[in-house]
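The values are calculated or read from the model by the stated rules, or taken from the named source; none is laboratory data. Every value quoted in this text rests on a predicted model; they were computed, and no experiment measured them. No Cβ is skipped: glycine too gets one built from the backbone with ideal geometry, and neighbour counts run over all protein chains shown. Note: accessible area is taken over every heavy atom of the protein model, side chains too, but ligands, DNA and RNA are not part of it. Shrake-Rupley method; radii C 1.70, N 1.55, O 1.52, S 1.80 Å.
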Amino acid sequence: MPVPSSSAPAPIAPTPHPRRWWALSVLGLAQLMILLDSTIVNVALPSLQTELGMSDGDRPWVVTSYTVAFGGLLLLAGRIADHVGRKRVFAIGLGGFALASAAAGLAPTAQALFAARAVQGAFAALLAASALALVATTFTDPRERRRAIALFGALGGAGASLGVVLGGFLTQWFGWRWCLLVNVPIALAALLGTVWTPPDHTRRLTGRIDIAGAVLGCGGLTALVHGCSQAEAHGWTGPTVLGSLIGGTVMLGVFAWWQTRASTPLLPPRLMKDRRRVASLLAGAALMAGQLSVALYLTYYLQTVLDWSAVASGLGFLPISLVTTGTATQLGTRLLPRFGPRVMMTAGLVISACGLFQLTLLTPDSTYAGNVLPALVTFSVGNGGSFLAIMTGVTSDVPEQDSGIASAAVNSAQQVGGSIGSAVFNTVAASVAAAAMGGARAAALEGFTLAIWCPLAALLLAAVATAALAGPPRRISRSVPDATPRRASAVGEQARSAPSITGE
């Protein structure tokens, strides 16, 4: 008589939802819109400043009011998504972003524009925190998830480049207001698309949101982003900048302490005990600092040194999107399962740094095809190779009900890294240019060329940190993720038996 097997049955693989790729198109459209908005307004700044009678000192607030609200509210937005539901928060974010964009585009005064831009930033935080979480929870198969994250990131990168091109066209032919109003049909189309996206059945958090943690965390991030955004105008030792940076650092320090004491912390400490996740956050911050610095440098070089128009300069950015997309979707998805996040992140950061080194060699006699384009290709290959590994490192082994805060954490790291990186880049470039000898164009180029060493050093330091923290490389399973609930060790948290969104 055969003896019954005592082994546990294999876990049943969750059936992929038939409309999961439609959901990715909707989520990617929202991501494209957020990054489109971050660059499209820059092209329109001179026009809107003239029409609204804005002073030179007030002009940066068109961008700052958005970035401060966006970066400062990301953590709270992520936790709201975990409590209320990611799909619901995503839809609210789309509707609010459309209304705020309409208000900004129709703003009669500079003050009304600043207020509308701040509201835009707040709803963008809701979108960013919920969109990546929905990608991670919608795609249950590891191979499909890697492909989906790569495409999601590629659409966002395309939005940043498209913003420069579209901003030039809209400003020239229709006026600066359409650089803001263009978000309205995009947001409404994405909102309509959510009707056919899969329902969000992932586990939600219950109980209260950590209000004290929200005040400390969001306040600290807001102060840091604000201080960095004002550094170029007032200097790093100015009272406003120094006060914001010190205040933000102190608040974040208290926030970290409070998260170990709170019964329902805003950012659960157990998420940050994963060294690979910490390494991914550092890598994401450094990579964003590099991306924004390249955008600043390239805009100046193409328009001032090569005398390209704004529209032509925008087209000059397109290789970054094309190469990054191709590397992430074709190369990254194949190499990540074989080498693991640590190798991919470290190698990608080093390759990106090599691209920045090529930019330091540019001279007034350099050409786009012979000098600029090879640097952009090298930088973009590194971006594409590391992006997927970064997002995988952040979202792997995260309980479903914590997916919103995990997504918010990586967006916060990128926002702070980008703010600090661009502020340092601008400050160094301006200081060197002011002290340089020769004509204004040569002095400015010398300033930008030396300033690019700052994000280059940040990328190399992040590569070292990634190699040390991310753990030994391991092969990522190609099998269907285990649906067995995981037990969380944190006492008093509702996540004790939540399924993980891993599978990596």
| query | Ranked highest first by the average count of other Cβ atoms within 10 Å around their residues, in what order do 239-247, 38-46 fall? | reply | 38-46, 239-247
| What would the Debye formula give as log10 I(q)/I(0) at q = 0.05, 0.06, 0.10 Å⁻¹ for the alpha-carbon point model of the chain, no solvent? | -0.18, -0.26, -0.74
| said: Whole-Hz ³J(HN,Hα) for each residue in the stretch 325-333, computed from phi via Karplus 6.51 cos²θ - 1.76 cosθ + 1.60 with θ = phi - 60°, x for glycine and proline: what do you get? | reply: 4, x, 5, 5, 7, 9, 8, x, 5
| message | Using a 1.4 Å probe on the protein heavy atoms only, what accessible surface does E400 show? Give it in Å² to the nearest 10. | response | 40 Å²
| Based on DSSP H runs of at least 4 residues, each adding -39500 (n - 2.57), what is the mean residue ellipticity at 222 nm of the chain after dividing by all its residues, to the nearest 500 deg cm²/dmol? | -24000 deg cm²/dmol
| field | Sorted peptide list for 354-363, 180-189, criterion being average Cβ within 10 angstrom, highest first | value | 180-189, 354-363
| query | Along the stretch 175-184, what does the Karplus equation 6.51 cos²θ - 1.76 cosθ + 1.60 (θ = phi - 60°) give for ³J(HN,Hα), rounded to whole Hz, x for Gly and Pro? | reply | x, 5, 4, 6, 5, 9, 5, 5, 5, 4
| the stretch 212-333: D in µm²/s via Stokes-Einstein (Kirkwood Rh, Cα pairs, 10 °C, 1.306 mPa s)? | 90 µm²/s
| message | Compute the angle between helix 453-469 and the longest alpha-carbon principal axis of the chain, please, reported from 0 to 90 degrees and rounded to the nearest 10. | response | 10 degrees
| message | Given all pairs of different Cα atoms, what value in angstroms does the Kirkwood hydrodynamic radius of the stretch 287-353 take? | response | 13.6 Å
| Which value, in Å², gives the accessible area per residue of the chain when a 1.4 Å probe is used on the protein heavy atoms? | 41 Å²
| query | How much accessible surface area, in Å² rounded to 10, belongs to the heavy atoms of V432 with a 1.4 Å probe? | reply | 30 Å²
| message | If I ignore ligands, DNA and RNA and count only protein heavy atoms, how much of H234 is accessible to a 1.4 Å probe, in Å² to the nearest 10? | response | 110 Å²
| message | Per q in 0.16, 0.21, 0.29 Å⁻¹, report the Debye log10 I(q)/I(0) for the stretch 150-201, using one uniform scatterer on each alpha carbon and no solvent. | response | -0.63, -0.89, -1.08
| request: Over the chain, calculate the relative contact order: mean separation of alpha carbon pairs under 8 Å at least 6 apart, over the residue count, as a percent. | output: 22 percent
| request: Two decimals is fine: what's Rg over Rh for the stretch 58-130, C-alpha atoms, Kirkwood radius as Rh? | output: 1.02
| said: In Å and on Cα atoms, what radius of gyration and Dmax does the stretch 384-454 show? | reply: 18.5, 59
| request: Heavy atoms only, probe 1.4 Å: what % of the accessible area of the stretch 220-304 goes to carbon and sulfur, would you let me know? | output: 69 percent
| field | Kirkwood hydrodynamic radius of the stretch 73-202, from inverse mean 1/r over distinct Cα pairs, in Å | value | 15.8 Å
